[in-house]
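What follows is a set of notes on a single structure, which appears directly below.
The values are calculated or read from the model by the stated rules, or taken from the named source; none is laboratory data. Bear in mind that the values here come from a model prediction, so they are computed numbers and not experimental data. Heads up, the Cβs are rebuilt from the backbone with ideal geometry, glycines too, and the neighbour counts pull from every protein chain shown.
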Amino acid sequence: MTQFVIGVDGGGSKTDAVILNEYGEVLGRGHSRSSNYHLVGIDGTRKALLEAMQKAAVNASVDLLHASAVVWALAGAGRPADVRLLENLQSEVLPRTPGKVVTDAVAALVGGVGVHRGIVLIAGTGMIVYGENGAEISARAGGWGYIIDQGNGYHLVREALQAVARAADGSEPPTRLRQRLLDTLHLKNVSDLVYWLYAPNRQVAEVAALAPVVLAEAETRDPMATAIIAQAADALAANVEAVARRLGFNGKTTFPLVLVGGLLAASKFYRQVTLQSIHTRLPGARPQFPHHSAAVGAGFLALEMLGKPMTLSADEPITVEESWASERNNVLTRDLDLRTTPELVGLMHVEDCRAVAAVRPNLPAIARTIDAIAARMEKGGRLIYVGAGTSGRLGVLDASECPPTFNTPPEQVVGVIAGGQTALTSSVEEAEDDADAGANAIAELNIGEKDSVVGIAASGRTPYVIGALKEARRRSALTVALTCNLPAPLAQMADFVIAPLVGPEVIGGSTRL
């Protein structure tokens, strides 16, 4: 008899099973409903798993009880208590078959790249991010369930329903989401949404199935829908960044990023917005679609239990614009000329909110920088801002406000701008390319070890600012980089780095936006 293994991928919407031979070839497939026991209960899980496996066995003309190994990759199996419960169920269903239970994300990664290195982002009804850097190093984020997680289908719809309710109450502007949701559900009034949503048998997957409505309205420029999608994409990106950091994938370290789940597969728009946010944080991410399904990935893990190597694969990465994040084209602003004034104002507000949110991860770095600068100022040191163009003007503006606001001497906080006083009111953009001029400006101020120099450059690579920081370091001054890109040359030479990664500007190259 041909040796075979069973691989199962069970999620919040459906369950897929495969039968693989010893060479990793698919002999049969089977499908059933959700097997997430948090949603359907343990009896529902048992029925769904058995149905999918039995269909696969019939399709492959094999007897389930003769399997050499089985791996269940299940949503809702991310914690020890869950795993123990599901392993007991597995032993009852297949008592003589060696097996194990893992999360669906583990199998999605293995099926996606065929190796134990990379990150998988799953966004469908639910969401989770999982990654490995070798078989012994793993990390995960998300997977807390449909109520807590962000960026998944249920989250998009929940936010949309809340927006519709607030608009109906008059506490927020109206949104086209109202009519689109009512039309989709064949309802007449907003109040009817309450009866639909809280119906006794309403399933999570039914709510999440409305996500395409939200995505469609965002793509057609509804401000509220756009805000929901932007926030959700940023939440997914933040989870990917958290996993990458724990795996040691920092800076420009390249790694495969497998995109899985109905939202990312079906919506090119949502995929682009999400990848833009991810690439802002992790330029080394190489996104790709999975080479094999998560069910096949579970089968590969079952073969690995038998000592058989997995089938290695590597798809071509999805094309991502290679440039500094703040200077790439913004996915959300490619059609500015087609937008109405309310749509333009709404979009600007969305991007403003994203910029403010990008500051939050930097709060510890900002606090440390303040303490370090304050300690030097107590000893008589000065604070010097250096920048070019809009960045320089912002530094000069802050310095000019310190005497009237904090009663500081005018010489204690100073703003230096490439091109000098003329650049405050007129564009002298070529001045930003002169690194020697930046160094000379620091030398003319006779900067010393008690002083602090803050280099401001959205791109993190402005020669004038780099020249100034190099000279400040040579003179033993405290150096700070304020940039919107990482990794960046400016950040690599500074004692402290403040980097709100805001992503592409509304209009490329316009720091003031």
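Look at Asn446 and say whether it is on the phi > 0 side of the Ramachandran plot and polar (S, T, N, Q). Against the criterion (on the phi > 0 side of the Ramachandran plot and polar (S, T, N, Q)), Asn446 qualifies.
Report yes if Val164 is touching a strand residue (DSSP E or B) at 6+ places or on another chain (Cβ under 9 Å) and either of a type in the set (Val, Ile, Thr) or in the same structural domain as Ala77 (by TED's automatic domain parsing) (or both), otherwise no. So Val164 does not fit the description; no. Applying the selection to the stretch 83-132, what residues are of a type in the set (D, E, K, R) and part of a loop (DSSP other than H, G, I, E, B)? The one that is of a type in the set (D, E, K, R) and part of a loop (DSSP other than H, G, I, E, B): Arg96. The condition of being part of a helix (DSSP H, G or I) and in contact with a Ser or Thr (Cβ under 6 Å, 6 or more places away or on another chain) holds for only one of Ala237, Ala227, Ala232, Ala295, that being Ala237. Checking each residue in the stretch 62-82 for being in contact (Cβ under 8 Å) with a residue 40 or more places away in the chain, part of a loop (DSSP other than H, G, I, E, B) and surrounded by fewer than 24 Cβ atoms within 10 Å (Cβ to Cβ) picks out Val62, Ala67, Ser68, Gly78. Checking each residue in the stretch 300-326 for being closer than 22 Å to Ala69 by Cβ and modelled with pLDDT under 70 picks out Met310, Thr311, Leu312, Ser313. Leu85 meets all of the listed conditions (1) under 18 Å from Ser293 (Cα atoms); (2) of a type in the set (A, V, I, L, M); (3) surrounded by fewer than 18 Cβ atoms within 10 Å (Cβ to Cβ) but one, namely (1). Tyr23 falls short on exactly one of the conditions (1) without any contact (Cβ under 8 Å) to a residue 12 or more places away in the chain; (2) surrounded by 17 or more Cβ atoms within 10 Å (Cβ to Cβ); (3) not in a helix (DSSP H, G or I), and that condition is (2). Candidates Gly251, Gly284, Gly262, Gly297: the one that is under 30 Å from Ala17 (Cβ atoms), out of contact with any helix residue (DSSP H, G or I) (no Cβ under 6 Å at 6 or more places or on another chain) and either at pLDDT below 85 or not acidic (Asp, Glu) (or both) is Gly262. Tell me yes or no: at least one residue of the stretch 127-147 is surrounded by fewer than 24 Cβ atoms within 10 Å (Cβ to Cβ), basic (Lys, Arg) and assigned by TED's automatic domain parsing to the domain that holds Pro212. Taking every residue of the stretch 127-147 in turn, at least one turns out to be surrounded by fewer than 24 Cβ atoms within 10 Å (Cβ to Cβ), basic (Lys, Arg) and assigned by TED's automatic domain parsing to the domain that holds Pro212.
Tally up the residues in the stretch 198-221 that are charged (D, E, K, R) and either crowded, with 23+ Cβ neighbours inside 10 Å or not assigned by TED's automatic domain parsing to the domain that holds Gly153 (or both), please.
1
Just wondering, is there one or more residues in the stretch 141-153 that are in contact with a helix residue (DSSP H, G or I) (Cβ under 7 Å, 6 or more places away or on another chain) and part of a strand (DSSP E or B)? Yes, that holds for at least one residue. List, please: which pairs have Cβ atoms under 9 Å, are six or more places apart or on different chains, and start with a residue in the stretch 162-183 that is in contact (Cβ under 8 Å) with a residue 60 or more places away in the chain and end with one that is in a loop (DSSP other than H, G, I, E, B) and surrounded by 14 or more Cβ atoms within 10 Å (Cβ to Cβ)? Listed pairs, sorted by first residue: Ala163/Glu172; Ala163/Thr175.
When Arg202 is tested against (1) outside any helix (DSSP H, G or I); (2) basic (Lys, Arg); (3) more than 26 Å from Ser35 (Cα to Cα), only condition (3) is not met. The condition (being more than 30 Å from Arg286 (Cβ to Cβ), among the aliphatic types (A, V, I, L, M) and more than 35 Å from the chain's Cα centre (by Cα)) is satisfied by just one residue among Leu94, Leu39, Leu85, Leu49: Leu94. If we keep just the residues of the stretch 33-55 that are among the polar types (S, T, N, Q) and surrounded by 20 or more Cβ atoms within 10 Å (Cβ to Cβ), which is nearest to Val93 (Cα to Cα)? Once the filter is applied, the top-ranked residue is Thr45.
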